[in-house]
Amino acid sequence: MDYITLLAGEHEELPVYRDVVQCIESLDAFPFLLEKIFRDTASFSEDTLDHFHFALLRLQIYADIHRYENMEQAQKTKYVAEVLEKVIFGALMLEREDLREP
């Protein structure tokens, strides 16, 4: 999968996407790149931050759609996208509700 294209969607590629892809491809790098990604996004305009938020959502949706094709890769992709979304935006836009009854 070309993650850069997926992240960019219909917009220009942001330099931070390279770090996100590196995290997906090597989870061992993720703890070391997390702060860099957070700090890079702190300087984004509101519009660019919105584009980045939807880039993370696209990753999560793609991982869900293709989870049975490569479960391990889908889990890594979703994990990176969700952690970044929680750290940068405070919560998940696609939060799942607990469907179990009390």
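The values are calculated or read from the model by the stated rules, or taken from the named source; none is laboratory data. Everything quoted here is computed from the prediction, not taken from an experiment. Note that we place each Cβ from the backbone using ideal geometry, even for glycine, and neighbour counts take in every protein chain shown.
Can you say whether Ala63 is buried (at least 18 other Cβ atoms within 10 Å of the Cβ), under 21 Å from Leu94 (Cα atoms) and aliphatic (A, V, I, L, M), as far as the supplied structure shows? Judged against the criteria, Ala63 is a match.
When the stretch 72-93 is limited to residues that are assigned to a helix (DSSP H, G or I) and among the small types (Gly, Ala, Ser), the one that is surrounded by the most Cβ atoms within 10 Å (Cβ to Cβ) turns out to be Ala81. The number of residues in the stretch 44-67 that are over 17 Å from Tyr3 (Cβ atoms) and either within 15 Å of the chain's Cα centre (by Cα) or at pLDDT below 95 (or both) comes to 3.
If you go through the stretch 31-58 and pick out every residue that is surrounded by 11 or more Cβ atoms within 10 Å (Cβ to Cβ) and of a type in the set (S, T, N, Q), you end up with 2. When the stretch 12-66 is filtered for residues that are assigned to a helix (DSSP H, G or I) and among the hydroxyl-bearing types (Ser, Thr, Tyr), the ones remaining, listed by number, are Tyr17, Thr41, Thr48, Tyr62.
Scoring Glu69 on the criteria (1) in a helix (DSSP H, G or I); (2) out of contact with any helix residue (DSSP H, G or I) (no Cβ under 9 Å at 6 or more places or on another chain); (3) farther than 19 Å from Ala8 by Cα leaves a single failure, condition (1). Of the residues making up the stretch 24-56, those that are over 12 Å from Val87 (Cβ atoms), of a type in the set (A, V, I, L, M, F, W, C) and touching a residue at least 40 places away in the same chain (Cβ under 8 Å) are Ile24, Leu27, Phe54, Ala55.
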